[in-house]
Amino acid sequence: MKEYKLKINGNDYAVTVKDVDDTVAEVEVNGTPFKVEFEKPITKRPVVVSKPASPKATPAGVPEVKVTKPAAGGSGATVTSPLPGIILEINCKEGDTVKKGQKLLVLEAMKMENIIEATADGQVTSIKVNKGDSVLEGAPLVIIG
C-alpha cells in the first residue's frame, strides 16, 4: 500500500494505492474508493496520468486509464462531480425528498460556482462530501434512492 499527497490545480488530494493486480488498481482518493483499469498490464510502478485537454493529447506510450466507481449498494442514482473543485454549500440532507433538477450542492471550480442538481427524483440516502471538501471529477457527491 502506497500513500501520496498530491496537489492538482491548487487542490490537495490524499491518494492511497491499496492493491495493483495486472490491469486493475484499487485506489482511494480523499476517502472515496475507485477501481482504476489500465489498458495494458502494469509491469513496473503505477503511472499517474492527468486527464489530457483533449482525447488526442495522450502522450505516446502512456496507457489509457478508465476509472469506475464501486456500486453504492443500491439501485439509486449517484450524483457525481462534473469537474474537480471544492464544495461550497450543501443544500440537502440525508432523508430529504428531491426532484430531478433540484439544487443539491454548490461546487467551486476554476473560480466559478457550479450548481449541482439532482439527476433523478427520489430520497437522498447518502451525502458523500462535506462543506470545504476537495473533490475530483467523477467523485460521488450524493446518492439518491
#### Entry: Cα-Cα over 23 Å, subset of LYS103/LYS131; LYS18/LYS131; LYS18/LYS40; LYS5/LYS35; LYS5/LYS131
LYS18/LYS131
### trypsin sites (Lys or Arg not before Pro) restricted to DSSP loop in the range 72-145 with at most 15 other C-beta within 10 Å
LYS93, LYS99, LYS100, LYS111, LYS131
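The numbers here are math on the coordinates, done by the rules we state, and not lab data. Remember, it's a predicted structure, so these values are computed and weren't measured experimentally. All Cβ positions, glycine included, derive from the backbone under ideal geometry; neighbour counts span all protein chains shown.
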